[in-house]
Amino acid sequence: MIRELFPRRDLTALSEKQVQDVRGNEISMISQEPMTSLNPVFTVGSQIAENVRRHQRVSGREAMTRALDVAIQAQILNLLIRLQKDLGLTYLFISHDMAVAQHMCEEIAVMYLGWIVEQAGRRSLFARPMHPYTQALLSALPKIDAEGKRRERPELRGDPPSPIDPPSGCRFHTRCPLASGICRREVPQFKEVLPGHRVACHKVSRKTEALDRLSMDRLEA
């Protein structure tokens, strides 16, 4: 990821002084607590715009709209998109909200317990999610059926394991409806199953259409 954002510089090889020069000048951050990170004297939009304009290469955003009203949230996201186009920026957007990720991001990486389990372009990920965790996340988005009734949202069973003591093999196997012995024993490879679409799952291969239907049916059962 870093090598893609800074193709001519390996940030992991820089000294602390060099990292400090990059941090703030080339990469900035808006924290996930907007109520304490932003100055109430000024508008949210003006502060975000000032931050973006001063750091015009890569800007990290972590759940920055979490405590905002939905209407204000939409305004802020649209402001970010407009600034991105005007200034030619790259955003590294970190969020738990898949709807926001779909609105903001061209490339999406889904993480579980510190691992990337699926990575793809926005259209590919939302049209054909392949990892069971990604499928569970997307199935949790509010949906309305043909009769105008809100559909029940399936939930993953069990609690997330501790990141301090993660499970062996695939870290998702303790909650996965498709888990088998190999999932508990071996770490899955992060492999490309479609052009630009990578998945870390023992159950996913290039012939995954039947598996996609099977896993979604089990999650919604």
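The values are calculated or read from the model by the stated rules, or taken from the named source; none is laboratory data. Every value quoted in this text rests on a predicted model; they were computed, and no experiment measured them. Please note: Cβ atoms are built from the backbone with ideal geometry, for glycine as well, and neighbour counts cover all protein chains shown.
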Across region 154-198, which residue is nearest to residue 121 (Cα to Cα) among those that are basic (Lys, Arg) and surrounded by 12 or more Cβ atoms within 10 Å (Cβ to Cβ)? 198
Identify all residues within region 134-165 that are more than 24 Å from residue 198 (Cα to Cα) and modelled with pLDDT of 70 or more; write none if there are none. 157, 158, 159, 162, 164, 165
Give me a count of the residues in region 113-133 that are of a type in the set (A, V, I, L, M, F, W, C) and under 14 Å from residue 193 (Cα atoms). 4
Taking residue 201, is it surrounded by 10 or more Cβ atoms within 10 Å (Cβ to Cβ), at pLDDT 60 or above, more than 18 Å from residue 102 (Cβ to Cβ) and in contact with a Gly (Cβ under 6 Å, 6 or more places away or on another chain)? no
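Per-residue answers, yes or no, for (1) among the hydrophobic types (A, V, I, L, M, F, W, C); (2) in contact with a strand residue (DSSP E or B) (Cβ under 9 Å, 6 or more places away or on another chain); (3) assigned by TED's automatic domain parsing to the domain that holds residue 197:
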| position | (1), (2), (3) |
| --- | --- |
| 70 | yes, no, no |
| 77 | yes, no, no |
| 87 | yes, no, no |
| 91 | no, yes, no |
| 94 | yes, yes, no |
